[in-house]
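In what follows, a single structure is set out as structure tokens and then discussed.
Quick note: the coordinates plus some simple rules give every number you see, no bench work behind them. Because the structure is predicted, anything quoted here is derived from the model rather than measured. Note that each Cβ is placed from the backbone with ideal geometry, even for glycine, and that neighbours are counted across all protein chains shown.
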Amino acid sequence: MSGDGTVLAARFVDRPNRFLVVAELDDGRRVDAYLPNTGRLTHLCVPGRPIVLRHDPDPRRKTEYTVIRAWDDTWVALEASLAPRLLVEWLSAGHPLGPFGPARSVETEVTVGTHRLDLRVVTAGGPVWVEVKSGGRSDTGTALLSKTPSSRGASHLATLAHLARKGEHAVAAFVVQRGDVRRLLIGGDADEGWIDAVRSAHDAGVVVCAYGCDVTETTVRIGRELEVVWG
């Protein structure tokens with residue numbers, strides 16, 4: 001088990017706080033693992049649920065392990081911070097950014113006023129400002145927005161809305177890190193703040209895009225664009 005990046009099968013035991021999981025390895029040992037996702041994840045954090053850990057030994061870390069997958073009738077990738085990189089890989093392969101077409105160039109972590117957005121994508125029609133959000137909830141093939149409030153996420157969407165009102169192209173991109181969804185619902189039982197923020201951005205002219213991923217125990221990549229439905 002030594003060395004960076006080793007992947008181990010485990011089962012979920014407990015979540016003492018939002019960044020820490022107690023996991024049981026196949027040999028019966030219990031270990032602490034970092035959870036790189038601030039969502040409530042109540043549908044995944046179930047005792048006995050299969051999960052996947054990556055061994056990340058580093059003396060600067062409090063734990064030697066990171067939770068990277070959880071089983072929900074399919075593997076769900078949990079590293080929320082990967083979402084922008086996954087979209088960059090999708091665009092780099094020649095796929096269009098919604099109605100704006102293929103990317104000619106992509107900048108990451110771009111500053112707009114006092115805010116930092118994930119991407120600035122240059123297309124044939126000009127630059128497009130993009131904020132990327134990760135998701136993992138679903139119900140019978142429909143991806144759902146988070147149930148966890150996020151003032152930071154709402155602020156990013158408000159920034160996109162401001163840009164759109166000024167005539168700039170803007171996209172809110174939701175990367176759903178599971179493979180069993182074909183659409184994203186803006187509504188349902190998601191946090192009302194999230195729903196209102198997405199609706200307000202859309203009303204201001206922000207294009208809402210969604211993507212579904214192909215996920216295995218060790219790999220994740222965007223595999224398709226999802227239909228966005230409003231409920």
(message) Testing Ala170 on (1) surrounded by fewer than 21 Cβ atoms within 10 Å (Cβ to Cβ); (2) of a type in the set (Gly, Ala, Ser); (3) under 21 Å from Leu91 (Cα atoms), one condition comes back false. Which one is that?
(response) (1)
(message) Please go through segment 38-86 and give me each residue that is crowded, with 18+ Cβ neighbours inside 10 Å, over 26 Å from Gly141 (Cβ atoms) and among the basic types (Lys, Arg), ordered by number.
(response) Arg54
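Got a number for residues in segment 144-161 being assigned to a helix (DSSP H, G or I) and surrounded by fewer than 17 Cβ atoms within 10 Å (Cβ to Cβ)?
Of the residues in segment 144-161, 4 are assigned to a helix (DSSP H, G or I) and surrounded by fewer than 17 Cβ atoms within 10 Å (Cβ to Cβ).
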(message) Take the residues in segment 180-194 that are in contact (Cβ under 8 Å) with a residue 12 or more places away in the chain and surrounded by fewer than 19 Cβ atoms within 10 Å (Cβ to Cβ); name whichever of them is farthest from Arg137 (Cα to Cα).
(response) Gly193
(request) Residue by residue through segment 112-129, note down the ones that are assigned to a loop (DSSP other than H, G, I, E, B) and either among the β-branched types (Val, Ile, Thr) or within 18 Å of the chain's Cα centre (by Cα) (or both). (result) Thr114
(message) Out of Val175, Val208, Val132, I need the residue that is farther than 28 Å from Gly5 by Cα and either hydrophobic (A, V, I, L, M, F, W, C) or part of a strand (DSSP E or B) (or both). Which one?
(response) Val208
